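Just below is one structure, and these are the notes that go with it.
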Amino acid sequence: MIGKRITYRTADGIRVRGTWRHAFIRNGDYFLTDLFIYADGLVDCWGLVTLEEFEEKLRTGWVATALPDGARASAHDLASWKFGEPRMWHTPEQLLGEVRDTIDQLNGRPDSTERCLAAADAFLADRTEEKRAAARDAYLAIPETSRRYALGDMDNKDWPLRVLVTGPGGCLDGRPQPVTQEAYDRAVAYFEERAEWAAARASRVPADGPETAVAPAIHLYQSYPHRPSESPGTDALRNDYPAPVEADGATYPSVAHAYWALSTAGARVRTSIAAADRGAAARALAVEAPRREGWEQVRTAVMTALLRAKFAHHPDLAEILLATGDATLVYDDADSAYWGDRGGRGRNWAGRLLELVRSELHAARAGLGQVI
């Protein structure tokens, strides 16, 4: 399983997706380190190698799967120790199989587990011994360390799968007890129930609607408007779009003007900010002024209130916001990774708050405004 352990390396200007796992490298002593595995099939074990070269590293023990008692080991800048009665869970073949599966997963291809489950489904649809043998071979191709997780069932582990591919009277993995007909029938029933559950789950609609946006994301690119437009499009959703708002007893030319004015501690600079010709100039004035104490703790609430005021006092702009449907709003902000998306690295709070206000506008139209 890759989970959240995602990294990248750059090759010829292209980002190659990868992940990592722990491993021991034997270079004289043993070193606990990270083994990086990439979608193009290269593995970094103190140097990038191909999958075939990695297999050789396993065979020679450079990547160690056996640790002798009393051997010295270290984790760089963390600790050093000697092994006492060490136990390892992998053989070279098992670790190689897991690395091959990881490369398949990084590329979105079926790994050995998925291939086995597909072969099991093929057998259940056409229960011939030829199909069973194919499913059994696919099961044995799963690294032994991964087999118990093949069904994702922490109670039954891989028991139903093992029984299914073995068949009545057969033995698998050198186990002495043959599979009984009763056990086989229970395994078949398990897979039939599993198929029914999967079909029901696939057709199930979440109780409160879709979990992701139906409409494509909308990118609110940086713009520097001087004056309102008859057809502003989504530029009207930008904080610096000219749409006067009232805040703290004053009227400001835009949300950006009001936000930057409220961020400052002095009344005189707020007057200057209100007179700035555009939002960027308002920001420049605010940067040079003393900051209101505790501003970072209140700024999100202030921005929410200003956006509500903007769309409440400008119904034409509210229509533009409502027309975005349920799209994710990606807000460009070259100056702030807090408010802007920054190519997926920022927090995009400006876009998220626009989505919140959009939902509130929909709620008001549905007569739910008083409820919330």
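The values are calculated or read from the model by the stated rules, or taken from the named source; none is laboratory data. Since the model is a prediction, treat every value here as computed from it, not as a measurement. Cβ placement follows ideal geometry from the backbone for every residue including glycine, while neighbour counts extend to all protein chains displayed.
For residue 253, the criteria (1) in contact (Cβ under 8 Å) with a residue 12 or more places away in the chain; (2) farther than 30 Å from residue 231 by Cα; (3) not hydrophobic (A, V, I, L, M, F, W, C) hold in every case but one, which is (2).
When residue 178 is evaluated against the numbered criteria (1) surrounded by 20 or more Cβ atoms within 10 Å (Cβ to Cβ); (2) assigned to a loop (DSSP other than H, G, I, E, B); (3) in contact with a Gly (Cβ under 9 Å, 6 or more places away or on another chain); (4) of a type outside the set (Gly, Ala, Ser), which criterion, by number, is the only one it fails? Single failed check for residue 178: (1). Condition check for residue 356 on (1) closer than 19 Å to residue 217 by Cα; (2) in a loop (DSSP other than H, G, I, E, B): one failure, at (2).
For (1) surrounded by 14 or more Cβ atoms within 10 Å (Cβ to Cβ); (2) among the polar types (S, T, N, Q); (3) under 16 Å from residue 238 (Cα atoms), each residue gets a yes or a no:
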| residue | (1), (2), (3) |
| --- | --- |
| 328 | yes, yes, yes |
| 331 | yes, no, yes |
| 336 | yes, yes, yes |
| 339 | yes, no, yes |
| 349 | yes, no, yes |
| 354 | yes, no, yes |
| 358 | yes, no, yes |
| 369 | no, no, no |
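Within the stretch 193-216, is even one residue small (Gly, Ala, Ser) and under 24 Å from residue 332 (Cα atoms)? Scanning the stretch 193-216, I find at least one residue that is small (Gly, Ala, Ser) and under 24 Å from residue 332 (Cα atoms), so the answer is yes.
Candidates 270, 227: the one that is over 15 Å from residue 311 (Cα atoms) and surrounded by fewer than 16 Cβ atoms within 10 Å (Cβ to Cβ) is 227.
Across the stretch 277-287, the qualifying residues are those that are in contact with a helix residue (DSSP H, G or I) (Cβ under 8 Å, 6 or more places away or on another chain) and under 14 Å from residue 265 (Cβ atoms), and the one among them that is surrounded by the fewest Cβ atoms within 10 Å (Cβ to Cβ) is 285. Can you go through 187, 183 and tell me which one is under 37 Å from the mean Cα position of the chain (by Cα), more than 25 Å from residue 99 (Cα to Cα) and among the small types (Gly, Ala, Ser)? That would be 187, the only listed residue that is under 37 Å from the mean Cα position of the chain (by Cα), more than 25 Å from residue 99 (Cα to Cα) and among the small types (Gly, Ala, Ser). Annotation note: of 64, 71, the sole residue that is closer than 12 Å to residue 25 by Cβ and either within 31 Å of the chain's Cα centre (by Cα) or of a type outside the set (D, E, K, R) (or both) is 64.
In summary, residue 165 fulfils each of the numbered conditions (1) within 19 Å of residue 21 (Cβ to Cβ); (2) over 34 Å from the mean Cα position of the chain (by Cα); (3) not charged (D, E, K, R) with the single exception of condition (1). The residues of the stretch 51-87 that are assigned to a loop (DSSP other than H, G, I, E, B) and either of a type outside the set (A, V, I, L, M, F, W, C) or within 18 Å of residue 37 (Cβ to Cβ) (or both), listed by number, are 61, 62, 65, 68, 69, 70, 76, 77, 84, 85, 86, 87. Would you kindly identify the helices (runs of 4 or more DSSP H) lying entirely within the stretch 88-151 that contain at least 1 residues that are surrounded by 20 or more Cβ atoms within 10 Å (Cβ to Cβ) and hydroxyl-bearing (Ser, Thr, Tyr)? The helices (runs of 4 or more DSSP H) meeting that bar are 92-106, 112-125, 129-140.
In the stretch 23-56, what residues are aromatic (Phe, Trp, Tyr) and surrounded by fewer than 17 Cβ atoms within 10 Å (Cβ to Cβ)? Correct list: 46 only. Tell me, yes or no, whether the stretch 12-22 has at least one residue that is out of contact with any Lys or Arg (no Cβ under 6 Å at 6 or more places or on another chain) and part of a loop (DSSP other than H, G, I, E, B). Yes, the conditions are met somewhere in the stretch 12-22.
Could you say which residue among 250, 200, 258 is of a type in the set (Gly, Ala, Ser) and within 30 Å of residue 164 (Cα to Cα)? Steps first, please.
Numbers: 250 fails: within 30 Å of residue 164 (Cα to Cα); 258 fails: within 30 Å of residue 164 (Cα to Cα).
Testing whether each residue is of a type in the set (Gly, Ala, Ser) and within 30 Å of residue 164 (Cα to Cα) leaves just 200.
For the stretch 134-172, residues that are in contact with a Cys (Cβ under 8 Å, 6 or more places away or on another chain) and of a type outside the set (A, V, I, L, M, F, W, C) total 1. Evaluated against (1) assigned by TED's automatic domain parsing to the domain that holds residue 233; (2) touching a residue at least 12 places away in the same chain (Cβ under 8 Å); (3) not in a loop (DSSP other than H, G, I, E, B), residue 319 falls short on exactly one condition, (2).
Only one entry in 304, 300, 271, 324 is β-branched (Val, Ile, Thr), farther than 30 Å from residue 214 by Cβ and either part of a helix (DSSP H, G or I) or at pLDDT 95 or above (or both), namely 271. For the stretch 229-265, a residue qualifies if it is in a helix (DSSP H, G or I) and of a type in the set (Asp, Glu), and exactly one does: 235.
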